[in-house]
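No value in this document is a laboratory result; all are computed from the given coordinates. None of the values given here were measured: they were computed from a predicted structure. Because the Cβ atoms are built from the backbone with ideal geometry, glycine has one as well, and the counts that use them run over all protein chains shown.
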Amino acid sequence: MSERPVKVRIAPSPTGYLHVGTARAALFNYLYARHNDGKFVLRLEDTDVARSKPEFIQPILDALKWLELDWDEEIVFQSKRSELYAEYLERFLKTDRAYHCFCSREELEAERKQARADKRSMKYSRKCLSLSKEEIQAKLDAGEKPVVRVKIPEGATTYEDIVSGELTRQNEELEDFIVARSDGSVTYNFAVVVDDYDMGISHVIRGNDHITNTFKQIILYNALELELPVFGHVPMILRPDKKKVSKRLGDKDVGEYQNEGILPEAMINYLSLLGWSPKVDNEIYSRQELIDLFDTSGLNNSNAVFDDEKLLAFNFSHIQKKSDHELAVLAAPLLVDAGVTTKYWLETRWEFLRQVVGLLRERLHRMSDIVTLGGYFFDFDYTYDPKAEAKQFHAEGAQLLSDLAERFEALDQFTHDKVEAALSELAEERDIKKGKIIHPTRLAVSGMSIGPGLYDLLVVLGQRTVVDRMKKAVEYIHQRS
RNA sequence: GGCGGUAUCGUCUAGUGGUUAGGACAGAUGGUUCUCAGCCAUCAAGCCGGGGUUCGAUCCCCCGUACCGCUACCA
């Protein structure tokens, strides 16, 4: 295999959204290309008229863009390349590896059934291989539309997989698979060979569910006398029940993780460690670090279960790496979408938003947590947590809230220290623990029993808001009783 | 069924012919604290089974088992 410039590709078929398996294959290709100053290109395998849907194309592109797996060059659409395939098919037909087959689908189906019944694997009988030129011409003249099959050679096919090492398949395990349909269009393996060759793909890194295809493709490369790319097959990503991830089983696609508040860098980082390892005791990496580190020698060959919890932990880590400003940028649209505030309001109070995320950041496992954990900063329309309310909003609590609100109102400066001092004083005078005051106050101003340190929380909320909310809580307690 | 691949804590993984088999997530416990989270510390948890090869196998070989994949005029 001669040295060629590195050029890799991801070739999704638009039969659904982008799932994590395809995303990871894309990532490995992307990392390999970037690491080696090569090209990473995108090809859409959209030739399955029955299952391909144009409406899946954009979401796939969006997901790739979200992950910033940006591809080089123009997107290649298989559906637009039928002329190219026809050329190669022409060429293939001239080799002694090609032959026409007139067997009907019904006949083949019957053979298949029989093979099953006999517990044999289905292999085409080669019935049409022995047809004479005259017989073929006669059928053609009669208007029969044959398919084109490849005559699998004797012997075995071997190649060196960059993940699994040397792999061999006895050719007799392969059947004379169909290369072109009766309507003249080529099938998957033929199109892939033509495309990978034509596009100058140097390395084919894909899921190991393609290993059988690889042998078929190699036979086609050989028949067409084309130079082979290097192949590498990465393990599958499995669900917690060890089944291959699939949309049908309810597995999330990449877009759903995005909507849940997963950061693209977290997804990238997590995915990179499924089936690959940098072999050091560190797991959190930036995109650039992954590019620098990525090496096919770190690829392993056993399937990996996708663990949402660990993804979340990675997400948390990457959230912590961001600045308050960056987090504010990410949080703003989520808060607006949730209806707790408006875009305009936030734009005029950016510093406030920045402080809020600064306060909440180490509680954010997914960005969307900002809404549930911090909605009260923007919206007074919260309800009190029922359990906490039962515990804190009693007569004594109301009295404390009312007293504290008065003292807060009288403060000339609403700083952490002043607030703390006011609260401590009250606790001392009443000879009670500070917690007795802190908890009802937190509930009054946030509706929640959990959250950031109270003094910080109060300062960010602001004197006016705090006092208002406390008074309102007092009223609420009185009304209720 | 046939063919192929894989097998280290629950999960993702590192690792070596001789190691206290390492890390991360999750779990447990303790500390910090006004709560939650975080942070810190500690703990628990693994070499699929059986044969070989060898002075010695988690590691190499074989068999078994389990799991995964492929087995279309789909991609």
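Its convex hull of Cα atoms gives the stretch A:90-136 a direction-averaged projected area, equal to a quarter of the hull surface, of 4.1 nm². So what is the relative contact order of chain A, in percent, for Cα pairs below 8 Å that sit 6 or more residues apart? In percent, rounded to a whole number, it is 13. You can think of it this way: the chain between A:D281 and A:W350 has 21.0 nm of extra reach, that is 0.36 nm per residue less the Cα-Cα gap. From the Kirkwood radius over Cα pairs of the stretch A:386-480, Stokes-Einstein at 37 °C and 0.692 mPa s returns a whole-number translational diffusion coefficient of 254 µm²/s. Among A:381-387, A:13-19, A:122-128, A:472-478, sorting by the average number of other beta carbon atoms lying within 10 angstrom of each residue, highest first, gives A:13-19, A:472-478, A:122-128, A:381-387. Placing a label point 7 Å from the Cα of A:I291 along the Cα-to-Cβ line, the residues of the stretch A:233-270 whose backbone N sits under 18 Å from it are A:264-270.
Report, in degrees rounded to the nearest 10, the 0 to 90 angle that the Cα long axis of helix A:395-410 makes with the longest principal axis of chain A. Approximately 80 degrees, to the nearest ten. Between helix A:105-117 and chain A there is an angle of about 80 degrees, using the helix long axis and the longest principal axis of the Cα atoms. Highest average first, the peptides A:455-462, A:281-288, A:148-155 ordered by how many other beta carbon atoms sit within 10 Å of their residues are A:455-462, A:148-155, A:281-288. Loop-located GluC sites (Glu not before Pro) in the stretch A:1-75 (DSSP state other than H, G, I, E, B) with a sparse environment of at most 15 neighbouring Cβ atoms within 10 Å: A:E3, A:E68.
The long axis of helix A:188-198 is offset from the longest Cα principal axis of chain A by roughly 80 degrees.
Take every pair of alpha-carbon atoms less than 8 Å apart whose residues are at least six positions apart; their mean separation over the length of the stretch A:3-84 yields a relative contact order of 37 percent.
The modelled label-to-label distance for the pair A:H325/A:D62, using points 7 Å beyond Cα in the direction of Cβ, is 2.9 nm. On the basis of the beta-carbon distance and an R0 of 22 Å, A:D431 and A:D468 show a calculated FRET efficiency of 0.15. Note on A:L129/A:I75: beta-carbon distance plugged into 1/(1 + (r/R0)^6) with R0 of 45 Å gives a FRET efficiency of 0.70. Neighbour counts of C-beta atoms inside 10 Å place A:L129, A:L238 in the sequence A:L129, A:L238, starting with the fewest.
Near A:V76, the amide H atoms lying under 5 Å from its own belong to A:L42, A:R43, A:L44; only residues 5 or more places off or on other chains count, and H is placed 1.01 Å from N.
Using only Cα coordinates, the Kirkwood hydrodynamic radius of the stretch A:8-57 works out to 11.5 Å. In straight-distance terms, cross-link reach from A:K387 covers every one of the aspartates and glutamates whose alpha-carbon lies under 20 Å from its own, apart from those fewer than eight places away in the same chain; here that gives A:E396, A:E475. The smallest convex shape that holds all Cα atoms of the stretch A:324-377, its convex hull, gives 64 Å³ per residue. Between A:E256 and A:T212, the simple spin-label model (points 7 angstrom out along Cα→Cβ) gives 2.8 nm. A straight chain from A:D37 to A:R112 at 0.36 nm per residue would run longer than the Cα-Cα distance by 22.2 nm. Exposure proxy shown here: for A:K242, A:K436, the number of other Cβ atoms within 10 Å sets the order, fewest to most, as A:K242, A:K436. Within the stretch A:199-307, the proportion of Cα pairs with more than 19 Å between them is 58 percent. When peptides A:268-275, A:417-424, A:351-358 are sorted by average Cβ neighbour count within 10 Å, with the highest value leading, the order is A:268-275, A:351-358, A:417-424.
The share of C-alpha pairs in the stretch A:317-472 whose separation exceeds 28 Å stands at 22 percent. The separation of the stretch A:1-41 from the stretch A:401-417, counted between C-alpha centres, amounts to 60 Å.
Have a look at the DSSP beta bridges in chain A and tell me what percent are antiparallel, nearest 5. So the antiparallel bridges in chain A amount to around 50 percent.
The distance from the alpha carbon centre of the stretch A:44-83 to that of the stretch A:125-184 is 29 Å, rounded to a whole number. Taking 25 °C and 0.890 mPa s as conditions, the stretch A:84-180 diffuses translationally at an estimated 159 µm²/s according to Stokes-Einstein applied to its Kirkwood radius (Cα pairs). What the Cα atoms of chain A give is an Rg and a Dmax of 32.1, 112 Å. Within a straight-line Cα-Cα reach of under 17 Å, A:K434 can be paired with the following lysines, leaving aside sequence neighbours fewer than 8 residues apart in one chain: A:K391, A:K418.
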